[in-house]
Structures are given as C-alpha cells and as structure tokens.
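The values are calculated or read from the model by the stated rules, or taken from the named source; none is laboratory data. Nothing here was measured: the structure is a model prediction, and the numbers come from that model. Don't worry about glycine lacking a Cβ; one is built from the backbone with ideal geometry, like all the others, and counts go over all protein chains shown. Calculation scope for accessible area: heavy atoms of the full protein, side chains included, ligands and nucleic acids excluded. Shrake-Rupley method; radii C 1.70, N 1.55, O 1.52, S 1.80 Å.
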Amino acid sequence: MPPQSTSASRQVSDPVSAADSLEVSLRPSENVRGALDVDLTANLHFGEGRLVLTNQRLVARYPDETSWQSWDLAPGMALVHHDHAGVGTLELRDGAGTLGCWRYTLGHNPAALKLQVEFDRLLAERVPGGIPSELPLPEAGEPQEADADDEAPEDEKPPSTWTLLRLWRFAHPYRWRLLAGFLLTLAGTAATLVPPYLTMPLMDEVLIPFQNGKDIDTGYVALLLSGLLGSALLAWVLGWAKTYILALVSERIGADLRTTTYEHLLKLSLEYFGGRRTGDLMARIGSETDRINVFLSLHLLDFASDVLMIVMTSVILLSIDVKLALVTLVPLPFIAWLIHQVRDRLRTGFEKIDRVWAEVTNVLSDTIPGIRVVKAFAQEEREANRFRDANRHNLAVNDRLNRLWSLFSPTVTLLTEIGLLVVWACGIWLVAQHQITVGVLTAFLAYIGRFYTRLDSMSRIVSVTQKAASGTKRIFEILDHVSSVPEAANPVHLPRVQGRIALQDVSFRYGNRSTIRQLDLDIEPGEMIGLVGHSGSGKSTLVNLMCRFYDVAEGRITIDGVDIRQVALADWRRHIGLVLQEPFLFFGTIAENIAYGKPEATRSEIVAAARAAHAHEFILRLPQGYDSLVGERGQGLSGGERQRISIARALLIDPRILILDEATASVDTETEREIQKALDNLVRGRTTIAIAHRLSTLRKANRLVVMDKGRKVEEGTHEQLIAQRGAYWRLYEAQARQEKAERERMLEIEEKDLAPLAHAEKERQP
C-alpha cells in the first residue's frame, strides 16, 4: 500500500472523474493550482491516478484506487522530486517522514516539475519559512537537476531489532509447526523446573530428619527420585522434538528467503545492477541468509527457552518466598540498562562488518573472473594488496566491536555472581531467623542458578540478534526494491509478431544525462537497419530501449502497432534474439549453452542451429563434441568460437527481431568472415537492427541510420549517404584512412622482417 499519514490524510468522495470530484469537494475560496497524472503503481505496474494541488492542500488518488486523500499545506512539508532510468518519483514529506509517494513515467516529468515549483511557492506564501533550506525553489520552466547517475546510497540508518518481525512473511506458511514447537518448548521448560522443586521435600522431609535420628522412608524417597528421573526423561524427549521441528522450519524459512530474494533479484532492471557490486549481492543472498537461518534454528529457540525459563522461574520463586524472590531480581535493572546501552552500538557495528565483508567478497568477485587480465598485466601483487587492505579493514572493524563485546559479557556474568552472593547472604539470615527452611533455601539456590544462567545467556543473544537484524535489513533492501521497468497490469498477448517496429518521438535520459532526443524511426518487417555513429552517440542505448532494459522517457516504441510497454516483458523478449560484442557463456556443456533460450530443444535442433552458425565443425573437434564442458564465461574457447555459439543460441529460439551489437568487433579478419556467414543465415527473414563500427560489415543493410549525440542526423543507403557527403561520409572516409594507414604499417613491418633474408640471398649470388 502507498504510504499514508493517519493524522493528515482524509477521504474525499469517490468520484467518477478526478475533475468532477474536485469541483464538488472544493472548499470555499479553494481553487486548483496544478495537476499531474500518475501512471505507475507502488509496484511499478501501469495504472491511472491523479495528483492535484490547490491553494490549500494536496489531493491525490493512487493508481487503480477509487478513494481520494488530501494533505493540508503545513510547516515543514516538502514535495521532493527525483527520477532515474525512466521512472520519476514525487514524495510528500514532513518532519515525521514520508506522507505520500507517487511514481510516473518520465513523459509526465515536465508536469511534475511544474507541480513541485507551484507547491513550493504556495508553501512559501501560506507558511513563511515553510520550505526547507536544502530545497531551493527552481525557476518556473527550469528542469530540476535529477539524481546522479549512480544509484542512490542505501539507507544508512542502523537496523532495528523489529526488522526481524518482517521475517514473519516467510514464517507464516509454517505457523502451525511453529506453534507446535512453542508448545513443546513450554512443556520442556516446565519439565526442567520440576527437579529443584522436588529437592525441598528431599531436604526438609528426608535428609534433615535423618540427621536428627528419624528413619528414611524408602518408598517416599523412591517416589521423589522417580519424579526426578521422569522429569529428566520428559525434558529430554520434549527437547529433542522441539529442536527437530524448529530446525526443519528454520531451514525451510531460510530456503524460501534465498529463493525469493534471488527470484526478485532476477526481475529487477539493469538499472539496479548498474549500481551494485557482484560480491555484495552474493554475500547478501549467501552469508546473510545463512546467518538468519542460524539465528532462527538455534538462537531464537534458545531465546524463547530463556524467556520461558525466566518467567516460570520467577513465578515459582515468588510462590515459595516473596522476600527472597525480590532479592533475586536485584541485578535485573542493571543488566537491562547495560543491554540497552550496548545494543545500539552492536547493531551499528554488525552492519559495518557486513559492509566491510562485502568489500572482501567484491575483491574476490572482481579478481577471480578477471584472472587472465591480472596475469597479463602482472598485477598479482596489486590485487593481493587490495585483498590485504580489505581484509585489514575487516579485521579493524571486528576488533572495535570485539572490544565492546568483551567488556559487556563478563560484566553481565559479574552482576549475576553478585546477585547470587546477595541471595546466599539473605537466605542464611532468613534461615537463622527461622523464616525459611534449609530445603527452601536449597531449592531457591537451584532455581537461581538456572535463572541467572538463562539471564546471562539472554544477554549473549543480544549479539546474534543484532547480527540477524543487520542481515535481515540487507536482504529486505533487495526485496523492497522495485524494477524501474513496469509490467503492464493487463498485458497484450502477441501470438505472432510480424516485426514492424516504430519509434515515435522517443527521448531518454539516464539521471541528468540525455542520451536519446526526439528520435523517429520506422522499420519494416524483414528489413535490416544499420546503426552507425561515434561512441556515445546513443546506439547501444537505443538497443536497450528496444529490449526494454530501460523504458523511454518520452514518446513510445511499438511492435506491429502495439506499444511494447503494454506487452509482458517475458513475452516481448521471447521475440528478440540478441548477439553482443562480448558473448557470455555459462559453465556447462556446449549443447546446454546453445539451448539456453530453449531448454527443451532436441539434439537435432541444437546441431542444426550450430550448423547454421558455422560452429558445427569446430564443436566436433572438441574432445566430447557437443558434450564438452565450457569453462566459466567461456574460458577454453576463442572469441570467434564463443561468438558463433552465441549466434547458434539466437538461431535456436527463431526470433522475429534480431539485434546485433558489434557482433564482429573483437575478432580477426578470417574469423570475421566465418561469423559473417553465420550472421547471413541469422538475419534472413528477420527484422534486424545492427550496430557496427566497421562500416563495411553493414553493406547488406537496407538502410543506415547515422546518430550523433542521441539524434538521428542522416538516414539512407550506403550509396545515398556517401553521395550526401555528410556525417556518414566523414565517418567512412576517416575509417578508410585508418584502414589504409594500418595496411601500410603492416606492409612496412613485413618488409623490415624480410629485408635480412633478401640481403642474405643477394650475398649468396655470384
């Protein structure tokens, strides 16, 4: 649900239309000063909502909701705007936090900026000094600078222990098992409290009378000892049952947490991964979930047992003797105060440890996949120093926290020992005054031993609880993040795609950097379009928009007349074959990599795709053919071989739309010819968008589109663009001169290498 303010928001009548509702609901002397259509829900699905500003309040209806809410303009309010990767956000804030949050596609950004400007002006007029100093008023019509390109830093606020309650979402399916475990814990704790209670009659009715000359009643002693044995056996059975049940539940909660987090991570857009380190994400899904799992399976169970033991022991002590019980509780306020003082420092410290450990894993995730580059540039010592520095930082942070913890734990133990001495002193005095018996004191001491032991154990659980709270916060930072590429609420199904693509007045900016500007382009089914231009001209960004890795800020992209934002993401991307400059292969067999987009493909289909990609021959030369293992990221294969497997992978899914992003840029001339033959098979009958720096590779394109600074500056065939002697002609001439200079340089090197041989041959002649 969107954030709401229970004190400031109130319901307005449910209208048929926003405008009609506001006209009816307007107060005397109230008039509308601005409005904004919001078209994204809190989960970033498309919807229809509205945000209206009057001279007295802000009125809003969230997408796909019928009720209206309003907030009166008040001191300390601010309407904060930011946008990133195609999604804009407006947040209404006051001193207490966020009152409302609205998201929209960037086509509505001009209206949002105007609304923010008007809100700030109204607040300044109605509430002098109402605008925070850190939020200056922008001039009308002036676009407010967006957030930086990089992802905003995550919340630095220390995690609260209450964060652990969010795990109930994963525990709910196992609630009955948890209830059974709790009841078993309750029964087991009660069973462990029986033996000290039976020591009272053993002391007062058996041992002390025996010392005074009375005979021992063996039947009564046997009954008491049977009670001791029975309670011990019962406690053992109940302890085994509750530990087994709760361990099973905690393992399932941990597995569900890992699976849900990973599945959610896969659904996030590329924008999210652009600001995250691989090692950090791996640490969250791996070590953080393991830490939470250990907490749930061991420490939470111990904590519940400790609480039950302390509560039930306190009740028994009070029932035996109130005065001595009150003396027993003397250390409690001091221990509680100490825990309160230490808890916040532990919480902050453990989150710092998590972040520092992520630095260590980041070094590993950078270095191990890039080990070839490390060795090629002889940077082993440098990377070892990086790891040593990260490890040293990790050690320093742990040392600071250990200094605090090493003082806290013995202090709690000291307080409990002092409490035990006080009980001994008071107990001896009460026995001397004949107010209690020796048996009562003995039972008290037995219970107090358990009481203080559990109290000490609870204080130690503070550490693992704060570790789990820190891990939970980092996990939910992933789960709370929504993709910046919205899913349609009611997606359009495309049973068959012809391949007609239209870009209509498309603009896109990433943060405050505009990369595509008012681009129009029509691509017919089966047509091949070549995108050319200098680096940074917007070619790859345009491909990302077509694949919906990002969404356009303005305008739209259609497929066969349907806006691609109205098509389910998975459905749309099934129709796209993507061949990148640096093909990525997964660890597995050749056949598994080719069939990645179609796991159910038969071996004959895989072989047919490999033949069409001119990969069949080199695959058969491998030791196990199609069953040969490919190393991580395709290690063991040449760049051209990896590229041809990538082409086979695209061929197998038989896409209607093909995108080639510098598919032949990183290979030699001979390999390029082989790849080009494979590409000729791949593009046949498909709508193709190809990016290439080598303009010669685009000779077969039906049209070439020349881009510069995000705009389309020229369009036409190779011959037409050469005749125009414009931007394309300059690119072509510059590349021709570069290739000519490269050939002359190679000839010069070859002549130098052959010169000594020619001289020796001349010397041998008579």
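General observations
- S133 satisfies every condition listed in (1) at pLDDT 50 or above; (2) of a type in the set (S, T, Y); (3) surrounded by fewer than 20 Cβ atoms within 10 Å (Cβ to Cβ) except (1).
- Filtered residue count, region 26-55, keeping only those that are touching a residue at least 60 places away in the same chain (Cβ under 8 Å) and in a loop (DSSP other than H, G, I, E, B): 5
- Counting the residues of region 99-122 that are at pLDDT 80 or above and within 24 Å of D551 (Cβ to Cβ) gives 11.
- I590 vs. criteria closer than 21 Å to H108 by Cβ and at pLDDT 85 or above: no
- Hits in region 57-77 (condition: surrounded by fewer than 20 Cβ atoms within 10 Å (Cβ to Cβ), part of a strand (DSSP E or B) and in contact with a Gly (Cβ under 9 Å, 6 or more places away or on another chain)): none
- Exclusive hit being closer than 22 Å to V294 by Cα, at pLDDT 75 or above and surrounded by 12 or more Cβ atoms within 10 Å (Cβ to Cβ), set A235, A187, A191, A241: A241
- Taken together, T54, T41 contain a single residue that is under 29 Å from the mean Cα position of the chain (by Cα), among the β-branched types (V, I, T) and either buried (at least 19 other Cβ atoms within 10 Å of the Cβ) or closer than 11 Å to Y104 by Cβ (or both), which is T41.
- Region 500-516, residues that are of a type in the set (D, E, K, R), modelled with pLDDT of 85 or more and in a strand (DSSP E or B): D505
- Residue selected from region 487-500 under the condition open to solvent by less than 50 Å² (accessible area, probe 1.4 Å) and out of contact with any helix residue (DSSP H, G or I) (no Cβ under 7 Å at 6 or more places or on another chain), by the criterion farthest from L545 (Cα to Cα): V497
- A570, sole failed condition from (1) in contact (Cβ under 8 Å) with a residue 24 or more places away in the chain; (2) outside any strand (DSSP E or B): (1)
- First in region 68-79 and more than 19 Å from E30 (Cα to Cα) and in contact (Cβ under 8 Å) with a residue 40 or more places away in the chain, second anywhere and open to solvent by 10 Å² or more (accessible area, probe 1.4 Å) and aromatic (F, W, Y), Cβ under 9 Å, 6 or more apart: none
- Residues that are farther than 24 Å from A553 by Cβ and free of Cβ contacts under 8 Å to residues at least 60 places away in the same chain do occur in region 83-94.
- Evaluated against (1) modelled with pLDDT under 50; (2) over 20 Å from T98 (Cβ atoms), N55 falls short on exactly one condition, (1).
- Counted residues, region 627-647 - those being touching a Ser or Thr at 6+ places or on another chain (Cβ under 7 Å) and open to solvent by 50 Å² or more (accessible area, probe 1.4 Å): 2
- Scanning region 601-611 for residues that are touching a Gly at 6+ places or on another chain (Cβ under 8 Å) and either open to solvent by 10 Å² or more (accessible area, probe 1.4 Å) or on the phi > 0 side of the Ramachandran plot (or both) turns up nothing.
- Count of residues meeting criterion [open to solvent by 70 Å² or more (accessible area, probe 1.4 Å) and more than 15 Å from T328 (Cα to Cα)] in region 407-433: 3
- Evaluation of D627 against (1) in contact with a strand residue (DSSP E or B) (Cβ under 6 Å, 6 or more places away or on another chain); (2) in contact (Cβ under 8 Å) with a residue 60 or more places away in the chain (one fails), failing number: (2)
- Residue check, F549 within 30 Å of E617 (Cβ to Cβ) and assigned to a loop (DSSP other than H, G, I, E, B): no
- Residue check for L585: part of a loop (DSSP other than H, G, I, E, B), open to solvent by 20 Å² or more (accessible area, probe 1.4 Å) and of a type outside the set (S, T, N, Q): no
- In the set (1) in a strand (DSSP E or B); (2) over 25 Å from the mean Cα position of the chain (by Cα), the condition left unmet by G536 is number (1).
- Qualifying residue in region 619-626 (condition: farther than 27 Å from N544 by Cβ, at pLDDT 80 or above, among the β-branched types (V, I, T) and surrounded by fewer than 20 Cβ atoms within 10 Å (Cβ to Cβ)): no
- Residue satisfying all of: in region 244-266; among the aliphatic types (A, V, I, L, M), touching a helix residue (DSSP H, G or I) at 6+ places or on another chain (Cβ under 9 Å) and open to solvent by 30 Å² or more (accessible area, probe 1.4 Å); modelled with the lowest pLDDT among these: A247
- Selected residue (only one of A678, A615, A595, A650 is at pLDDT below 80, crowded, with 21+ Cβ neighbours inside 10 Å and not hydroxyl-bearing (S, T, Y)): A678
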